[in-house]
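Working notes for the structure below.
The values are calculated or read from the model by the stated rules, or taken from the named source; none is laboratory data. Quantities reported herein were computed from a predicted structural model and do not represent experimental measurements. Here Cβ is always computed from backbone atoms with ideal geometry, including for glycine, and neighbour counts include all displayed protein chains.
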Amino acid sequence: MDKVNINRDMPWLSEAYSAATGSDITPRELLRAGERVFNLEKLLNVREGFSREDDRIPPVYLQNIETPLPAREGERYLTDWFGRRLTREDLEGMLDNYYEERGWDIQRGMPTKSKLTELGLEQFAEIVEST
């Protein structure tokens, strides 16, 4: 039997969801439902006053930007997948990229009205418009 990576196998996840609930859902519909949930979660935080300023990387993750950590192969700094040493500016850029991928306002760190409309959540647009 093939090993299934349940975190990435949307066809398998949609089949499991359908079997557990009795409601048929395609992999695309399941992804879209997850995206709606994630945007609603963000809107709850926005409603309570959270903004981009609150989306900060914990200091413990930033420790080895300037100070290396000891490792078997020598001292190690925070690097990307390719081994390139990362800076704080790189991490800020990653946050911009993350917001862009989500379809969110990069400056404010929240869903845009058009993203909410795309997801069928336009009734919640007043939350982002009032901030």
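Does at least one position in segment 54-75 carry a residue that is over 19 Å from T131 (Cα atoms), out of contact with any Lys or Arg (no Cβ under 7 Å at 6 or more places or on another chain), of a type in the set (G, A, S) and surrounded by 12 or more Cβ atoms within 10 Å (Cβ to Cβ)?
Looking for residues that are over 19 Å from T131 (Cα atoms), out of contact with any Lys or Arg (no Cβ under 7 Å at 6 or more places or on another chain), of a type in the set (G, A, S) and surrounded by 12 or more Cβ atoms within 10 Å (Cβ to Cβ), one finds none in segment 54-75, hence no.
Do we have any residue at all in segment 81-90 that's of a type outside the set (A, V, I, L, M, F, W, C), within 27 Å of F124 (Cα to Cα), part of a helix (DSSP H, G or I) and within 19 Å of the chain's Cα centre (by Cα)?
Of segment 81-90, the ones of a type outside the set (A, V, I, L, M, F, W, C) are 83-85, 87-90.
Those left that are additionally within 27 Å of F124 (Cα to Cα): none.
No, segment 81-90 contains no residue that is of a type outside the set (A, V, I, L, M, F, W, C), within 27 Å of F124 (Cα to Cα), part of a helix (DSSP H, G or I) and within 19 Å of the chain's Cα centre (by Cα).
Here are some residues: E89, E73, E41, E48. Which one is within 25 Å of R28 (Cα to Cα) and of a type in the set (D, E, K, R)?
On the way: E89 fails: within 25 Å of R28 (Cα to Cα); E73 fails: within 25 Å of R28 (Cα to Cα); E48 fails: within 25 Å of R28 (Cα to Cα).
When all the criteria are applied, what remains is E41.
Is there any pair linking a residue in segment 104-115 that is basic (K, R) to one that is buried (at least 18 other Cβ atoms within 10 Å of the Cβ), with Cβ under 7 Å and at least six apart or on different chains, and which?
Matching pairs, first to second residue: K113/V128; K115/N39; K115/W104.
If you go through segment 78-131, how many residues are surrounded by fewer than 13 Cβ atoms within 10 Å (Cβ to Cβ) and either at positive phi or in contact with a Pro (Cβ under 6 Å, 6 or more places away or on another chain) (or both)?
2
Kindly indicate the residue of segment 41-56 that is closer than 12 Å to Q107 by Cα and in a helix (DSSP H, G or I) and also farthest from the chain's Cα centre (by Cα) among those meeting that condition. Before the answer, list the steps.
From segment 41-56, those closer than 12 Å to Q107 by Cα are 51-53, 55; that's our starting set.
Keeping just the survivors that are in a helix (DSSP H, G or I) gives 52-53.
Working: R52: 13, E53: 16 Å.
Only one residue fits best here, namely E53.
Checking K115 against (1) modelled with pLDDT of 90 or more; (2) among the basic types (K, R); (3) in a loop (DSSP other than H, G, I, E, B), which single condition isn't satisfied?
(3)
Considering only residues that are of a type outside the set (V, I, T) and in contact with a helix residue (DSSP H, G or I) (Cβ under 9 Å, 6 or more places away or on another chain), look in segment 19-32 and name the one that is surrounded by the most Cβ atoms within 10 Å (Cβ to Cβ).
In the first step, residues of segment 19-32 are kept if they are of a type outside the set (V, I, T); the result is 19-20, 22-24, 27-32.
Pick out the ones that are also in contact with a helix residue (DSSP H, G or I) (Cβ under 9 Å, 6 or more places away or on another chain) and you get 23-24, 27-31.
Values: S23: 9, D24: 11, P27: 15, R28: 10, E29: 14, L30: 18, L31: 14.
Here the residue is L30.
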